1. Run the reach check for residue 19 against aspartates and glutamates, Cα to Cα strictly under 13 Å, same-chain hits fewer than 8 apart removed. What comes back?
2. How large is ³J(HN,Hα), in whole Hz, for each residue of the stretch 11-22 in order, when computed from phi with the Karplus curve 6.51 cos²θ - 1.76 cosθ + 1.60 and θ = phi - 60°, using x for Gly and Pro?
3. Which of the lysines could a cross-linker bridge to residue 54, judged by Cα under 19 Å and excluding same-chain residues fewer than eight apart?
4. Skipping prolines and chain starts, which residues have an amide H placed within reach, meaning under 5 Å, of the one on residue 33, given they are 5 or more residues away or on another chain?
5. Give, as a single signed number, the net charge of other residues whose beta carbon lies under 12 Å from the beta carbon of residue 26, with Lys and Arg counted +1 and Asp and Glu -1.
6. Taking the Cβ of residue 39 as the centre, find all other residues whose Cβ is under 13 Å away and add up their charges (Lys, Arg: +1; Asp, Glu: -1).
7. Summing +1 for each Lys or Arg and -1 for each Asp or Glu, what net charge is found among the other residues whose Cβ lies under 10 Å from the Cβ of residue 13?
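Every number here is computed from the coordinates shown, using simple stated rules; none is lab data. All values reported here derive from a predicted model rather than from experimental measurement. When we count neighbours, we look across all protein chains shown, and the Cβ atoms used for this are built from the backbone with ideal geometry, even at glycine.
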Amino acid sequence: PGIYVCAKCGHELFSSRAKYEHSSPWPAFTETLRGDSVAKRPERPGALKVTCGKCGNGLGHEFLNDGPKRGQSRF
């Protein structure tokens, strides 16, 4: 339980309350902690490249409409 932070700068990214089990080997979250937690840019249809909102460290992707509930995204 707690807050997940950027490994490079310590910026707060996700809450453990938004974490859920997914078939991928990486942690999966339904939402960021705050609006400025991450920056996003389109990478391919259905996926956005996600970086730390403070330092730009690469965090992976946001997969649109791939969350645990209909219409939710997966980080």
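1. 31
2. These are the phi-based 3J(HN,Hα) values: 4, 6, 10, 9, 9, 4, 5, 9, 7, 8, 6, 9 Hz.
3. Answer for residue 54, where 19 Å is the Cα cut-off: 8, 40, listed by chain and number.
4. 14, 15
5. +1
6. On the way: positive: 34, 40, 41, 49, 54; negative: 36, 43, 62.
Charge balance near residue 39 sits at +2.
7. Details: positive: 34, 54; negative: 12.
Value of the local net charge: +1.
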